[in-house]
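The values are calculated or read from the model by the stated rules, or taken from the named source; none is laboratory data. Small disclaimer: the values here were computed from a predicted structure and weren't measured. Cβ atoms come from the backbone with ideal geometry, glycine included; neighbour counts cover every protein chain shown. Heads up: the accessible areas ignore ligands, DNA and RNA and are worked out on the full protein's heavy atoms, side chains in. Shrake-Rupley method; radii C 1.70, N 1.55, O 1.52, S 1.80 Å.
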Amino acid sequence: QVQLVESGGGLVQAGGSLRLSCVASGTIFSLNPMGWYRQAPGKQRELVATITSAGSTNYADSVKGRFTISRDNAKNTEFLQMNSLEPEDTAVYYCHGLLRSKNYWGQGTQVTVSS
């Protein structure tokens, strides 16, 4: 009954910014870690960023320095601040979290960056 609900996707011009949000419900325990994945047309799903409940972060090289992941442990919520967006960032972005070794996924939100 744990659910992850994403929001914040949309269309933005190259160089612009978007902020994605993901809210987990149905549990009083913190998902650990939480993260974001993305899948572009014709490509495999790839990890974008992860964050542990202690605040340790990890980023894909392609987004390092441009994206920032954060979380609110009390609310089981995570965010992805995306700056200096490029057309190559266009993809469906998925929220992810682990709880008791079980994977939970959001429904995905479309991010489109125009050139």
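Of all residues in region 1-10, which are open to solvent by less than 30 Å² (accessible area, probe 1.4 Å) and not in a strand (DSSP E or B)?
Selection gives 2 alone.
Restricting to region 50-108, what's the tally of residues that are more than 20 Å from residue 25 (Cα to Cα) and touching a helix residue (DSSP H, G or I) at 6+ places or on another chain (Cβ under 8 Å)?
3
Which condition breaks for residue 114 when tested against (1) open to solvent by 30 Å² or more (accessible area, probe 1.4 Å); (2) modelled with pLDDT under 95?
Among (1) open to solvent by 30 Å² or more (accessible area, probe 1.4 Å); (2) modelled with pLDDT under 95, the lone unmet condition for residue 114 is (2).
Do you know which of the residues in region 44-62 that are open to solvent by 40 Å² or more (accessible area, probe 1.4 Å) and assigned to a strand (DSSP E or B) is farthest from residue 101 (Cα to Cα)?
Per the stated criteria, the residue is 59.
What's the number of the only condition in (1) open to solvent by 20 Å² or more (accessible area, probe 1.4 Å); (2) at pLDDT 95 or above that residue 41 fails to meet?
Residue 41 satisfies every listed condition except (2).
Which is modelled with pLDDT under 95 and under 14 Å from the mean Cα position of the chain (by Cα), of 68, 77, 50, 27?
Going through 68, 77, 50, 27 in turn, the sole match is 77.
Quickly run through region 11-32 and pick out the residues that are open to solvent by 40 Å² or more (accessible area, probe 1.4 Å), assigned to a loop (DSSP other than H, G, I, E, B) and not small (Gly, Ala, Ser).
Selection gives 28, 29, 32.
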